[in-house]
Amino acid sequence: MPQIPIIEPDAVGLAAAYRAVADGLLVGLPTETVYGLAADARNPEAVARVFAVKNRPKFNPLIAHVRSTADAHREGQFDERAEALARALWPGPLTLVLPVSESGSVCELARAGLDTIALRVPAHRISRDLLAACDRPLAAPSANPSGRLSPTAAADVAAELESDDVAMILDGGPSKHGIESTIVASLPGQPLRLLRAGAIGRARIEAVAGAKLANPEDRAIAAPGQIASHYAPAAKVRLNASTAAENEVLLGFGPDAPAGAPNLSPGGDTTEAAANLFRVLRELDALGPDTIAVMPIPESGLGEAINDRLRRAAAPRGD
Ligand code: TXA
Ligand code: MG
């Protein structure tokens, strides 16, 4: 496969990057922390490509990058603590985890089904130029294959990622901080919490907040998708079904699914299935079935992440 092109972030390059994002493709994007792999955060097909290219075994929630605090207000619910941090530290290497807004446009897959959202207003000129050109939030995890080091130069991204779905890497030179953003959660009824140490030190954040930061909850670090607020359907979930019993609705996958049944991917494509997963689960749940019976999904491609999510939805509930 040919290497992903590295291009100059001039007007021509930015226009090409905008078109790629609008077409649901991915762009390697310099930020002041590390290089990100950016996709239209509203488009679940594009976000599914991010997980596929990074080879993520689980749907970790992604950071939504926005142009301004005003744009961030449309996506997340700010309390006074979050307002103060945003005022002092945005644009910059701070990510705020907030309850998602009703007016939010970021797709569920980018949030991994959580009812919270991670938001950041980056300071890097090229990130800001692309956000302005795209006029929509960009979901961007670090542009490394899952489990590898975060890239701090365009050439790092080109050396490690291989996919036709990445249209280009915008060359922004070496990353200024070279370490990811600091992630702070400001959630109702909870102390401000440091979820990930990063480019802004704890002391600086505590000085702005006028309060000590709580540490990550162990469960939240180990697996963000497992925190209590994760979206699970109201219906029970049964895996590896071939047909639906009474009181069940069948969720199909692949060409062997019965015609007419909702199907995550009639062609058996796990990237397409990932893009459809949260929407279809929600639609089926709205029908009020006792159980959603899900046909087997192979572990290949994004199947591992889909099955991880479905196994958790199918696990015995605490209630
Ligand atoms: O500096 C950075 O933050 C870079 C640049 C590209 O902006 N991005 C980055 O993204 O490091 P990523 O996907 O590699 O890390 C995002 C982290 C993950 O550990 C994820 O679990 C956490 O953010 N995260 C995202 N949404 C969350 C949420 N709703 N609740 C808790 N953690 C969340
Ligand atoms: Mg990362």
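Scan the stretch 193-229 for residues that are modelled with pLDDT under 70 and among the polar types (S, T, N, Q) and jot them down.
Within the stretch 193-229, the first condition is being modelled with pLDDT under 70, and the residues that meet it are 218-229.
Residues satisfying the conditions are GLN226, SER229.
Considering every residue within the stretch 40-54, establish whether at least one is part of a loop (DSSP other than H, G, I, E, B), in contact with a Lys or Arg (Cβ under 9 Å, 6 or more places away or on another chain) and at positive phi. No, every residue in the stretch 40-54 fails to be part of a loop (DSSP other than H, G, I, E, B), in contact with a Lys or Arg (Cβ under 9 Å, 6 or more places away or on another chain) and at positive phi. Of the residues contained in the stretch 122-134, none is found to be out of contact with any Pro (no Cβ under 8 Å at 6 or more places or on another chain), assigned by TED's automatic domain parsing to the domain that holds GLN77 and either part of a loop (DSSP other than H, G, I, E, B) or within 16 Å of ligand 2 (Cβ to nearest atom) (or both).
Here ALA72 passes the criteria (1) surrounded by 24 or more Cβ atoms within 10 Å (Cβ to Cβ); (2) assigned to a helix (DSSP H, G or I); (3) within 15 Å of ligand 2 (Cβ to nearest atom) except the one numbered (3).
Selection over the stretch 289-302 of residues that are at pLDDT 90 or above and surrounded by 21 or more Cβ atoms within 10 Å (Cβ to Cβ) gives a count of 5. Applying a threshold of 9 Å to beta carbon distances and a minimum spacing of six or more residues, or different chains, the list of pairs starting in the stretch 49-67 at a residue that is more than 10 Å from ALA38 (Cα to Cα) and touching a residue at least 24 places away in the same chain (Cβ under 8 Å) and ending at one that is of a type in the set (Lys, Arg) and more than 13 Å from ligand 1 (Cβ to nearest atom) reads LYS58/ARG309; PHE59/ARG309; VAL66/ARG74; VAL66/ARG136. Each residue in the stretch 9-24 was checked for being touching an Asp or Glu at 6+ places or on another chain (Cβ under 6 Å) and over 19 Å from ARG67 (Cβ atoms), and 1 of them qualify. Of the residues making up the stretch 158-190, just one is within 11 Å of ligand 1 (Cβ to nearest atom), hydrophobic (A, V, I, L, M, F, W, C) and out of contact with any Lys or Arg (no Cβ under 8 Å at 6 or more places or on another chain), namely ILE179. Annotation note: of PRO137, PRO151, PRO122, PRO141, the sole residue that is surrounded by 21 or more Cβ atoms within 10 Å (Cβ to Cβ), within 13 Å of ligand 1 (Cβ to nearest atom) and over 17 Å from the mean Cα position of the chain (by Cα) is PRO151.
The values are calculated or read from the model by the stated rules, or taken from the named source; none is laboratory data. Given the structure is predicted, the values throughout are model-derived calculations rather than measurements. Cβ sites come from the backbone with ideal geometry, for glycine too, and all protein chains shown count toward neighbours.
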